[in-house]
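The values are calculated or read from the model by the stated rules, or taken from the named source; none is laboratory data. Computed from a predicted model, the values in this text were never measured in an experiment. Cβ: placed from backbone, ideal geometry, glycine included. Neighbour counts: every protein chain shown. Please note that ligands, DNA and RNA were not included when accessible areas were found on the heavy atoms of the full protein model with its side chains. Shrake-Rupley method; radii C 1.70, N 1.55, O 1.52, S 1.80 Å.
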Amino acid sequence: MTRAEFLSRLKQGLVGLPMTTAAEIVSDYETHFDDGVAAGRTEAEVAAALGNPDRLARELRAEAGAQRWHQEKNPSAAAAAVFAVLGLGAIDILILLPILMGVVGTLFGIFIAVIALFISGGAIMVAGPFTGFPGGVAAALLAGLGLMAGATAAGALLAIFTIWLVNGIVWFARLHYRLLKPALEPQPAPFKGDVA
């Protein structure tokens, strides 16, 4: 494989990453080729030593997603990290994706319930004193405030659990990749010397 073919496949695999990140990665691999050629190796030898550019792109996208999550800690970064990690293994997608989607669906349902609870607390606090709430005005204000406080606390716990879940997925992906990396690496052929 030539330098141009390797870099072209690497660039195609990095589509979707920020332009600056992809450009830095491609620049690093161009430097590898420059150093290899300067050391007397052919482009094909350097490309073979670097490995499969498609696999490299998948690994680099997963690592970039994990790094973005650790830097930003927002829903967009979490989604990018999760989907980058899921791109590493088809078996994991078949096994973990249904479980993960169930957990995400449950979290989304709880999130909607928390919002509804907060809104209903606000409605009780505002409208309760005027509608003859049992216990009077003070009870309406306290009940509404209690519902809103409970919803806020539940939302905070939900956010903590979501952060824990995304961190767990990223940890699993890194562990999974470390375990599978030796199996994914091409094994050198055993040396067979001349027998005289």
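Taking the criterion of being exposed (fewer than 13 other Cβ atoms within 10 Å of the Cβ) and either in contact with a Cys (Cβ under 8 Å, 6 or more places away or on another chain) or more than 13 Å from residue 155 (Cβ to Cβ) (or both), the only residue of the stretch 109-122 that qualifies is 109.
Taking the stretch 106-146 on its own, how many of its residues are closer than 22 Å to residue 161 by Cβ, β-branched (Val, Ile, Thr) and either without any contact (Cβ under 8 Å) to a residue 24 or more places away in the chain or part of a loop (DSSP other than H, G, I, E, B) (or both)? Step through it out loud before you land on a result.
Of the residues in the stretch 106-146, the ones closer than 22 Å to residue 161 by Cβ are 106-119, 121.
Of the ones still in play, those that are also β-branched (Val, Ile, Thr) are 106, 110, 112, 114-115, 119.
Right, trim to either without any contact (Cβ under 8 Å) to a residue 24 or more places away in the chain or part of a loop (DSSP other than H, G, I, E, B) (or both) and you get 106, 112, 119.
Count: 3.
Residues that are closer than 14 Å to residue 118 by Cβ and open to solvent by 60 Å² or more (accessible area, probe 1.4 Å) within the stretch 158-175 are absent altogether.
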